[in-house]
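The values are calculated or read from the model by the stated rules, or taken from the named source; none is laboratory data. Since the model is a prediction, treat every value here as computed from it, not as a measurement. Here the Cβ positions follow ideal geometry from the backbone for every residue, glycine too, while neighbour counts run over all protein chains shown. Each accessible area value is taken on the protein alone, full model and side chains, heavy atoms only, with ligands, DNA and RNA left out. Shrake-Rupley method; radii C 1.70, N 1.55, O 1.52, S 1.80 Å.
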Amino acid sequence: MEGRLPSFYLPPKSIIQVIDLRGVLPGNAYGERTRPTTDAIIIHHTAGPANQTWEEIANLHLRRGYGGIGYHLGVEADGTICQFGDLAGWRWHIAYKNDRYIGVVLKGNFTETPPPDVQLASAHVALGWLAELGYDLPILGHGEAADPRSPTACPGLTFTAWKSLLSQSG
């Protein structure tokens with residue numbers, strides 16, 4: 001898996017379809033704040049079952065005191081890409097550093113097994129779309145960028161095996 005794209009057709013980034021869930025899910029009380037700069041794109045996993053709904057995740061985040069679902073984009077196991085928040089705005093996905101990053105979450109738990117190929121391919125395409133929009137930035141796992149006061153293994157222990165598949169230079 002290291003260093004290669006999944007062996008199936010990847011659509012051109014220009015025909016990507018993103019399901020816009022901004023304002024549809026519970027919460028979304030992040031307002032119109034904007035980041036002064038964006039340093040990287042942070043990859044997360046939901047650490048739950050792949051069939052968990054975005055609404056369930058939004059409600060979980062609300063119970064944790066977030067303003068709604070904490071990520072900008074999400075990628076489902078079947079490759080569906082969803083947008084949860086304005087890309088220039090803040091979301092709550094990385095403690096103490098939400099003003100510096102865009103958060104992209106892959107649905108599922110990747111502690112022991114990597115994401116399915118179709119999900120990785122869609123994440124690659126979504127990151128290409130972000131690059132086309134001006135967010136051609138380093139890609140880091142949540143654990144790589146986490147503040148020492150809030151360490152995490154997110155997006156799972158398998159991340160090093162599939163991180164290079166997300167890069168737009170690969």
Whole-angstrom Cα spans of region 23-170 along principal axes, big to small: 35, 31, 31
Reduced Cα scattering model of region 79-151, Debye log10 I(q)/I(0), q = 0.17, 0.19, 0.20 Å⁻¹: -0.74, -0.93, -1.02
Average accessible surface area per residue within region 23-170, 1.4 Å rolling probe, Å²: 42 Å²
Mean Cβ count within 10 Å, highest first, over the residues of peptides 101-108, 71-78, 52-59: 101-108, 71-78, 52-59
Given charges at beta-carbon only (K, R positive; D, E negative), |dipole| of region 98-162 in Debye: 140 debye
Rounded to the nearest 20 debye, dipole of region 38-170 from Cβ charges on Lys, Arg, Asp, Glu: 380 debye
Accessible surface of region 54-97, 1.4 Å probe, proportion on carbon and sulfur as whole %: 48 percent
